[in-house]
Amino acid sequence: MATINKEFYKGEREYSDGSVEDTILKIVKSNHNLEELSDFKDNWAIFYHLSHLRENILNWYPFKENCSILEVGAGCGALTGLFSQKAGKVKAVELTDRRAQIIYERHKDKENIEIFAGNLNNMEFGEKFDYVILNGVLEYAKQFTNTDDPFKDFLIKIKSFLKNDGVILVAIENRLGLKYISGFKEDHTSMFFSGINQYSDTDKVRTFSKLELEKIIENAGFSNYKFFYPYPDYKFPEIIHTDYFIEKYPFKEKIPNYDQMRAKFFNESLLNNSLGYEGISKYFSNSFLVEIKNDEGSLSENIKLVKLSASRREDFRIATFIEEHDNELIAIKTPLNEKAKKHLVKMSQTSSKNKISKLNYLKTKYINNNSLSYPFIEKNPLDSVLLDLINENDINKFLKYIKSFSKTIKDSSIVCKDYHDSKFSEIFGDKRDNRFNKCLEYPNLDLIFNNVFIDGNEYIIIDYEWCFDFPVPVDFILWRTITVFYYFNEFLEDIIPQNKLLEELDLPEKKYSTFLEWDQKFLSFVRGGKPYEIPNKPIIYLDNDNISQYSKDKVKIKALKKELRKENKKHKNSIRYQIGDLMVKASKPSKKTFTWPYHLIRLFNKNKKEKNCNRKTNRGE
């Protein structure tokens, strides 16, 4: 059984998410398998604290066998269970009694966990640790370390808990993160540009740029450290970059806005490509993970990149590593749990079933009775080749490459009128469509351009996880290839619309209902029917049209204010304002109602507030 140690607890309650923690405590008390809950997405705090996807920040990290871990700021135990699987001993520190209780109820069956409630500065452990984890903690050091240089001094304090060859792992946001520049609110203050403006609006929290964080680490007495770059950020990372690859293969996928609406000033992926070309994208990574060694021993230098596929049902969860061994790069696929081992065994057997001419599936090796390995291809995938052609404005060659690939796949199809059998229905659902009877006998559903490399007149295929031993319509596979390509490269719609490209390939339009339903059923199959998607709030697009509209709204407000003044003279204070279905009215009935859009009301109030402030300033108040 896990234990709770309250020897150092002095009633601290400063850090809390409020009453939702009572709800979380009830959930962990009543649910042995938290993944069975289906409403994580509806409440950000619950999703954040309880989703297994939080483990992505370190579920791949090569902890020493039977190590000891001190987890500082364990929160509600999102990572504590992971550490109990990786280590011989885990001590988890959390400030408040309620959170300590949540950690206990969540992981009470783990015998190697001891939970400490209270302020770390008051604690003594009587031992040193192999690892100290600071996951989303360093930014709050100023609240609990009352010195002239709290962030440096906090790291020095942490160093006192380390063994001579121990490691600190720090995960923190980058105040110059690309997402903050492109229209996201700062994670801690919920204000635009807080970090970029050096936190002039708060003194309670602070994150750092890469060079600022390096300076803190070095001033604390450390010289041996390595930066990782979790994307889209350290909370729910999908890719862990390093200096080796971050400029070559910048993150292209959409950045979710978890808990609040965001503005969108530009396409982050396009700018990230440019930053990579300039060799500076690492300075604008949304988050950092820093491995800090207490001595001059080796770091995890062989790891060059990690891709995490954890938003699936358990038996499909894997991690893909790019590692350097004997001066050669290799790709390694590793299961994230015992159930996923069968998935890799099946993948290792797939290449022998390929019957598509001109498609060469990379041969894999099954290593350590656990993982798959295959050579890393250093040339650009077809995805990058096509985007380069778009950048060069060579649309004809762009179409030529896609048509050639499409023809290669279609030429290997066979006529199969009864493909929609029980195996097909299990994965793609019951909806039938008799239009499509040309199928691939042993289909690979993931023939997306990022998994394809041009090799002369042939293609090399990697990452063939989703191959099946029953026929699937070839048009659906190609339609999905194009749809995925456009999903991650939205700007293409303005250059060559997706429907136009599908028409060129003699494929159905992008919203073709049958294919949409099949694809959704497939995704549900992969995810086990559970909503593992990251929460994603709406976006306010600030393009040129919206900015022009904003200017027009200002003119409209002036006219409305003028009309209001006239009406006030006639009816004194009897004007009514209607915002949607909400009516706000004066004590007397009005002859006239003004209906304003909500954004105009906010703009009006903002202008009024600014004018009042200016008046006070001018009066010297």
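The values are calculated or read from the model by the stated rules, or taken from the named source; none is laboratory data. Here the structure is a predicted model, which means the values were calculated and not measured. Heads up, the Cβs are rebuilt from the backbone with ideal geometry, glycines too, and the neighbour counts pull from every protein chain shown.
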Scan region 226-264 for residues that are under 23 Å from K215 (Cα atoms) and hydrophobic (A, V, I, L, M, F, W, C) and jot them down. F227, F228, I240, I246
What number of residues within region 74-107 satisfy the criterion of being crowded, with 23+ Cβ neighbours inside 10 Å and polar (S, T, N, Q)? 1
Please pick out the residue among I196, I181 that is outside any loop (DSSP other than H, G, I, E, B), assigned by TED's automatic domain parsing to the domain that holds P230, surrounded by fewer than 21 Cβ atoms within 10 Å (Cβ to Cβ) and under 22 Å from the mean Cα position of the chain (by Cα). I181
Of all residues in region 192-229, count the ones that are aliphatic (A, V, I, L, M) and touching a Ser or Thr at 6+ places or on another chain (Cβ under 8 Å). 1
Could you pull out the residue among R54, R106 that is touching a Ser or Thr at 6+ places or on another chain (Cβ under 8 Å), in contact (Cβ under 8 Å) with a residue 12 or more places away in the chain and either at negative phi or in a helix (DSSP H, G or I) (or both)? R106
Look at region 111-134 and say how many of its residues are more than 32 Å from the chain's Cα centre (by Cα), under 20 Å from L169 (Cα atoms) and in a helix (DSSP H, G or I). 1
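Just to be sure, is S84 in a helix (DSSP H, G or I) and touching a residue at least 12 places away in the same chain (Cβ under 8 Å)?
Numbers: in a helix (DSSP H, G or I): yes; touching a residue at least 12 places away in the same chain (Cβ under 8 Å): yes.
Criteria met by S84.
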Find all pairs meeting these conditions: Cβ atoms under 6 angstrom apart; at least six residues apart or on different chains; first residue within region 371-392 and within 22 Å of L305 (Cα to Cα); second residue part of a helix (DSSP H, G or I). L372/L344; L372/S348; P381/N450; L382/F449; D383/F449; D383/N450
Among the residues that make up region 160-168, is at least one of them out of contact with any Phe, Trp or Tyr (no Cβ under 6 Å at 6 or more places or on another chain), touching a residue at least 12 places away in the same chain (Cβ under 8 Å) and charged (D, E, K, R)? yes
Within region 341-357, identify whether any single residue is at positive phi and either basic (K, R) or buried (at least 16 other Cβ atoms within 10 Å of the Cβ) (or both), and answer yes or no. no
Condition (residue is under 21 Å from R312 (Cα atoms) and surrounded by fewer than 20 Cβ atoms within 10 Å (Cβ to Cβ)) applied to region 485-498: is it met by at least one residue? yes
May I ask you to list the residues in region 234-260 that are surrounded by fewer than 16 Cβ atoms within 10 Å (Cβ to Cβ), at pLDDT 95 or above and of a type in the set (S, T, N, Q)? none
Hey, among the residues in region 261-310 that are under 18 Å from F488 (Cα atoms) and among the polar types (S, T, N, Q), which one's surrounded by the fewest Cβ atoms within 10 Å (Cβ to Cβ)? S274
Can you spot a residue in region 203-216 that is buried (at least 19 other Cβ atoms within 10 Å of the Cβ), of a type in the set (D, E, K, R) and within 22 Å of M261 (Cα to Cα)? yes
Could you please find all residues in region 135-167 being under 23 Å from the mean Cα position of the chain (by Cα), surrounded by 23 or more Cβ atoms within 10 Å (Cβ to Cβ) and either part of a strand (DSSP E or B) or not assigned by TED's automatic domain parsing to the domain that holds E212 (or both)? none
Residue satisfying condition, being at pLDDT 95 or above and closer than 19 Å to P237 by Cβ, within set F208, F154, F184, F161: F208
Report yes if some residue within region 507-518 is in a strand (DSSP E or B), touching a residue at least 60 places away in the same chain (Cβ under 8 Å) and among the aromatic types (F, W, Y); otherwise report no. no
Answer with yes or no whether G118 is touching a residue at least 12 places away in the same chain (Cβ under 8 Å), surrounded by 21 or more Cβ atoms within 10 Å (Cβ to Cβ) and either in the same structural domain as L213 (by TED's automatic domain parsing) or not acidic (D, E) (or both). yes
Quick count over region 1-28, residues being surrounded by 14 or more Cβ atoms within 10 Å (Cβ to Cβ), part of a helix (DSSP H, G or I) and in contact (Cβ under 8 Å) with a residue 24 or more places away in the chain, is 5
Out of (1) surrounded by fewer than 23 Cβ atoms within 10 Å (Cβ to Cβ); (2) closer than 27 Å to L299 by Cα; (3) under 24 Å from the mean Cα position of the chain (by Cα); (4) not hydrophobic (A, V, I, L, M, F, W, C), what's the single condition that is false for E71? (1)
Determine which member of the set D506, D543 is at pLDDT below 75, surrounded by fewer than 14 Cβ atoms within 10 Å (Cβ to Cβ) and either over 28 Å from A310 (Cα atoms) or outside the structural domain of F184 (by TED's automatic domain parsing) (or both). D543
